[in-house]
Amino acid sequence: MFDKFNISNIVENDGVLISIVGYLVVFTSLLLLAIIITYFQKALQTQQRKKLKSLGHRAADSENLSISGEVSAAISTALYLHFEEKHDLENTVLTIKRVQRTYSPWSSKLYGLREIPKR
């Protein structure tokens with residue numbers, strides 16, 4: 001089927017052109033995604049600024065409404081710890097209740113031995 005690997009087969013069969021088009025599609029889509037995310041952030045800040053102005057808040061006139069990464073990390077950590085804490089509010093009373101189970105040969109180790117061990 002394939003005799004030997006030859007670079008001329010790739011060049012003749014448009015392999016380089018397909019690779020270049022693939023790279024261009026990927027980088028163009030990444031660039032477009034970065035632009036969309038940037039404008040989405042600006043649109044959200046504009047909407048927040050309008051909402052603050054309608055409420056008469058003085059923070060609407062400030063230049064930067066964004067929160068730094070450290071503050072975002074601290075808030076998200078605090079929220080995570082707060083919501084995970086609900087498992088610690090359990091009853092402190094321990095009750096042990098014995099349940100009589102019927103005998104089952106499936107749990108018996110006696111039938112698992114093939115030979116009786118010699119001493």
Any idea how far apart Leu44 and Leu79 come out in nm if each label point goes 7 Å out from Cα toward Cβ? 1.1
Might you report the magnitude of the Cβ-based charge dipole of region 7-61 about its Cα centre, with Lys and Arg at +1 and Asp and Glu at -1, to the nearest 20 debye? 860
On full extension of the chain, what length is gained from Lys53 through Ile36, given 0.36 nm per residue of separation minus the C-alpha to C-alpha distance? 3.6 nm
Cα-based shape type of region 7-61, given that a ≥ b ≥ c are square roots of the gyration tensor eigenvalues and the cut on a/c is 1.5: prolate
Could you sort the peptides 49-57, 30-38 by per-residue average Cβ neighbour count (10 Å cutoff), highest mean leading? 49-57, 30-38
Which FRET efficiency, nearest 0.05, do Ser66 and Asp14 yield, Cβ-Cβ r, R0 41 Å? 0.30
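Taken together, the values in this text are just the output of simple stated rules run on the coordinates, not laboratory data. The structure presented is a predicted model; accordingly, all values stated were derived computationally and were not measured. Positions of Cβ are backbone-derived with ideal geometry, glycine not excepted, and every protein chain shown enters the neighbour counts.
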